[in-house]
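Asks: Here you go, one structure.
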Amino acid sequence: MRELQDYRAEFPILAETTYLVSHSLGAMPRKAADRLAEFAQEWAERGIRSWAEGWWETPWTVGDQVGRIIGGPPGSTVMHQNVAVAEAVVVSCFRPVDPVRNRVVYERGNFPSVRYLYQAQPDLEVVVCESDSEIVERIDERTLLVPISHVLFKAGEIQDVESIVRRAHEVGAHVVLDCYQSAGIVPLDVTALRVDFAVGGSVKWLCGGPGNGWLYVRPDLAEQLEPTYTGWQAHARPFGFEDEMDYARGAGRFLTGTPNVAAHYAATAGYDLVEEIGVGRIRDNSLRQTQLLIDLADAAGFEVQSPRDPDRRGGTVTVDVPEFAAVHAELAVRGILCDFRPDAGIRLGPHFYNTDAEIRFAVDQIADILEARAYERHLGATAVH
């Protein structure tokens, strides 16, 4: 078994930066460039024949690889451009909306893109909750959909998915689990959780790059529902060019138009590494390194916004420091890549390829920047007097 540090050579950017932003954009695996070159060569040499030689099937074949990572059986997961498209397909399954069951019980901490989608639907009533426990309380017989995040993006907090699913199913509602901030860093089994739908992307911990959203549909539901946001790839016989829709079997009926083949080729390099290492092993290392981050932040006097309970902590530690936007900008100048979010602070996300030394260096640099800025303010105040 390879040591985790042996994987550093797979990621070129690590040679030049302290890369602690995998919760936002995972580092590109070296082999992603090889996969893109393979796609380009096929396009150049095989041309239109490439569709029949594998391109057309990538939403399923690549989707099955994601399925293995998230606990979905073969044929239950398909690729989409992004989460907004995947959730739009889900919503379309319930058109026309039953006016008696038209509520979406939604948590404020979800990524805003999803909320914008539901707010834009004139026949849906969005009920916004402040916590996972409130979601359970607000679900009732009028609830149609419950879109939740496995891990909240600002604080990195794991949500109580089991309780939400149980309550939703009691009243006949459907749960849409957003796994964007968990897939690849927190063990996840959508089958065991009994969620109706799961969505996510590959930009973050999966190191799969943009254009690789995905949608899991519970297999029994996949045979019952008929999305109205659809396209020719969802047809049972797409190359028959028939006048009427005849839905494909399984999750294939939740596809839309022509697939993003180049993105799918690039994504598999990251998926391969996650599968090789195993999410359980990645999680163990993440818990250790995020605890180190919390301990260092405490010692430096920074306010930690992320959960201290490891059972509730995702892969990110958010620290609130004075002028965090300016601190973030200076960290970038020093080659330390992280990010920040309003009303939260600086987000630091170590992945399996980061070292403990990099974590210590980043926290030391935050302290150094704060000290320098405080000294500058002191000099400015002295000059005024």
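Asks: Pop a pseudo-label 7 angstrom from the Cα along the beta-carbon direction at both residue 246 and residue 41 and give the gap in nm to one decimal.
Replies: Rounded to a tenth, the inter-label distance reads 3.9 nm.
Asks: Given the peptides 5-18, 191-204, 158-171, arrange them by the average over their residues of other C-beta atoms within 10 Å, most packed first.
Replies: By packing density, highest mean first, the sequence is 191-204, 158-171, 5-18.
Asks: In addition: With a/c under 1.5 counting as rounded, go ahead and sort the range 30-276 into rounded, prolate or oblate using the C-alpha gyration tensor (a ≥ b ≥ c being the square roots of the eigenvalues; past the cut-off, prolate if a/b is larger than b/c, else oblate).
Replies: In terms of gyration-tensor shape, oblate.
Asks: Turning to a different aspect of this structure: What nm distance separates the two modelled labels at residue 333 and residue 141, each placed 7 Å from Cα along Cα→Cβ?
Replies: Label at residue 333, label at residue 141, 6.3 nm between them.
Asks: Can you give the FRET efficiency for residue 298 and residue 119, using 1/(1 + (r/R0)^6), R0 = 45 Å, r = Cβ-Cβ distance, to the nearest 0.05? Each step should come with its number before you reach the end.
Replies: On the way: r = 39 Å, r/R0 = 0.86.
Efficiency, rounded to the nearest 0.05: 0.70.
Asks: Also, I was wondering about something else. Only counting other Cβ atoms within 10 Å, I'd like 214, 51 sorted with the fewest neighbours first.
Replies: Taking fewest neighbouring Cβ atoms as first place, the list is 51, 214.
Asks: Could you compute the net charge surrounding residue 299? Neighbours are other residues with a C-beta less than 11 Å from the C-beta of residue 299; K and R count +1, D and E count -1.
Replies: Result for the local shell: -2.
Asks: Here is a follow-up. What number comes out for the charge environment of residue 87, summing +1 per Lys or Arg and -1 per Asp or Glu over other residues with Cβ under 11 Å away?
Replies: 0
Asks: Let me ask something else. How much length is gained if the chain between residue 2 and residue 100 is pulled fully straight, taking 0.36 nm per residue apart and subtracting their Cα-Cα distance, in nm to one decimal?
Replies: 29.7 nm
Values in this text are rule-based calculations from the coordinates and carry no lab data. Please read these numbers as outputs of a predicted model, since none were measured by experiment. As a convention, Cβ positions derive from the backbone with ideal geometry for all residues, glycine included, and neighbour counts pool all protein chains shown.
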